[in-house]
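Novice: Pasting a structure below so you can have a look.
The values are calculated or read from the model by the stated rules, or taken from the named source; none is laboratory data. Please read these numbers as outputs of a predicted model, since none were measured by experiment. Positions of Cβ are generated from backbone atoms using ideal geometry, with glycine treated the same way; all protein chains shown enter the neighbour counts. In case anyone asks, the SASA skips ligands and DNA or RNA and just uses the protein heavy atoms, side chains included. Shrake-Rupley method; radii C 1.70, N 1.55, O 1.52, S 1.80 Å.
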Amino acid sequence: MAQFKPKKIRTQKTSRRLNKVFTYAYLISLSIIIIYPLLITATSAFRAGNILAFDLKLTGPWTLNNFRRLFQETLYPQWYMNTLKVAITTMVIQVTAITLAGFAYSRYRFIGRKQSLKFFLIVQMVPTTAALTAFYVMALLIGGLDQHWFLIFVYIGGGIPMNTWLMKGYFDTVPLELDESARLDGAGHFRTFWQIILPLVRPMIAVQALWAFMSPFGEYLLARFLLRSPENYTVANGLQTFINNQRDQRVALFAAGAILIAVPIATLFFFLQKNFVSGLTAGGTKG
């Protein structure tokens, strides 16, 4: 005897199947958007000869010659070291500044606190590129044109307003009772911050450090505007010189240089990733 399923059950099964189809279609589309450019860049970096344009050609011959030429025939090593210097300095100073500022705004009440937070919010609404002319004039006045320290100063200043808000929000999630307990045990302000609160906000510090480190590797406009000498370029500026000449495009060298950019960023990510997952739990245990 045949059994007929209720219409409602059949409708729910159809709905679940449609949801799965749309979910997989969405994920596959995202994967193509992310992987396809990376695959083109990777295959171009290992292609022999002077290719004229990026394309996804998976047949050989393959070679490491592009990487050798990159280090022997161009200023790429100098650009790479410049970028590492700018990125590491920016990361250390910016993370230190926003961590201290976020803690102060979260834990203390002082004159001008609300007004300064509103000011940070308003400043963040103005894109950094809108102040290019102001940065140029400032660089001329204080001798910062074509100097890495001035570019670092601009990167740090541009990242403080919004990131201070983010750090303050994360500090707000840490219960105030921990501060009070630490003070009852005799801990001062600095010890409470360093030994009690800081381990709990380690995940956000790790995220902020990664963002601050990545920014100089991908940022092009500010660096191009403020750095004039080819030997002072960052990697983004230097690689642009490989493809901005229509008559002499070195696409393979550009691709090889772009691939190497991922090395320090991936290294820092793997070094910090444990904090993304376990930092909050690890910081919650007090010895």
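Yes or no, residue by residue, for (1) touching a Phe, Trp or Tyr at 6+ places or on another chain (Cβ under 7 Å); (2) crowded, with 18+ Cβ neighbours inside 10 Å:
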position	(1), (2)
R183	no, no
L198	no, no
I205	no, yes
L226	yes, yes
V235	yes, yes
Q246	no, no
N275	no, yes
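Novice: Please identify the pairs in which a residue from region 77-102 that is among the acidic types (D, E) has its Cβ atom under 7 Å from the Cβ atom of a residue that is surrounded by 17 or more Cβ atoms within 10 Å (Cβ to Cβ) and modelled with pLDDT of 95 or more, counting only partners at least 6 apart or on another chain.
Specialist: Pairs that qualify, where the first residue is among the acidic types (D, E) and the partner is surrounded by 17 or more Cβ atoms within 10 Å (Cβ to Cβ) and modelled with pLDDT of 95 or more: there are none.
Novice: Of the residues in region 234-258, how many are at pLDDT 90 or above, β-branched (V, I, T) and in a helix (DSSP H, G or I)?
Specialist: Residues meeting the conditions: 1.
Novice: While we're here: Which of the residues that make up region 106-132 are touching a Phe, Trp or Tyr at 6+ places or on another chain (Cβ under 8 Å) and in contact (Cβ under 8 Å) with a residue 24 or more places away in the chain?
Specialist: Within region 106-132, S106, R107, L117, F120, L121, Q124, L132 meet the criteria.
Novice: Hey, among the residues in region 80-136 that are crowded, with 20+ Cβ neighbours inside 10 Å and in contact with a Pro (Cβ under 7 Å, 6 or more places away or on another chain), which one's nearest to P161 (Cα to Cα)?
Specialist: T90
Novice: Would you be able to say whether some residue in region 197-219 is modelled with pLDDT under 90 and of a type in the set (S, T, N, Q)?
Specialist: Yes, because at least one residue in region 197-219 is modelled with pLDDT under 90 and of a type in the set (S, T, N, Q).
Novice: Say whether the condition of being of a type in the set (S, T, Y) and closer than 18 Å to I265 by Cβ is met by at least one residue in region 34-52. Walk me through how you get there before you give the answer.
Specialist: Keep residues of region 34-52 that are of a type in the set (S, T, Y), which gives 36, 41, 43-44.
Then keep just the ones that are closer than 18 Å to I265 by Cβ; that gives 41.
Yes - at least one qualifying residue is present in region 34-52.
Novice: While we're looking at this one, here's another question. Does region 142-151 contain at least one residue that is within 22 Å of I205 (Cα to Cα) and either open to solvent by less than 30 Å² (accessible area, probe 1.4 Å) or not assigned by the TED database to the domain that holds Q208 (or both)? I'd like the intermediate steps shown before the answer.
Specialist: Going through region 142-151, the residues within 22 Å of I205 (Cα to Cα) turn out to be none.
Checking region 142-151: not a single residue is within 22 Å of I205 (Cα to Cα) and either open to solvent by less than 30 Å² (accessible area, probe 1.4 Å) or not assigned by the TED database to the domain that holds Q208 (or both).
Novice: Among (1) at pLDDT 90 or above; (2) part of a helix (DSSP H, G or I), there is one condition D146 misses while meeting the rest; what is its number?
Specialist: For D146, the failing item is (2).
Novice: Suppose we filter T43, T90 for residues that are in contact with a helix residue (DSSP H, G or I) (Cβ under 6 Å, 6 or more places away or on another chain) and part of a helix (DSSP H, G or I); which single one remains? Quick ask: steps written out before the conclusion?
Specialist: On the way: T43 fails: in contact with a helix residue (DSSP H, G or I) (Cβ under 6 Å, 6 or more places away or on another chain).
Answer to the selection: T90.
Novice: Taking the criterion of being among the basic types (K, R) and not in a helix (DSSP H, G or I), would at least one residue in region 208-226 satisfy it? Give the derivation first.
Specialist: Within region 208-226, the subset among the basic types (K, R) is 224.
Right, trim to not in a helix (DSSP H, G or I) and you get none.
The answer is no, given that none of the residues of region 208-226 is among the basic types (K, R) and not in a helix (DSSP H, G or I).
Novice: Moving on. For region 149-178, which residues satisfy the criterion of being among the hydroxyl-bearing types (S, T, Y) and either at pLDDT 90 or above or in a helix (DSSP H, G or I) (or both)? Working first, answer last.
Specialist: So in region 149-178, the residues among the hydroxyl-bearing types (S, T, Y) come out as 155, 164, 170, 173.
Listed by number, the residues that qualify are Y155, T164, Y170.
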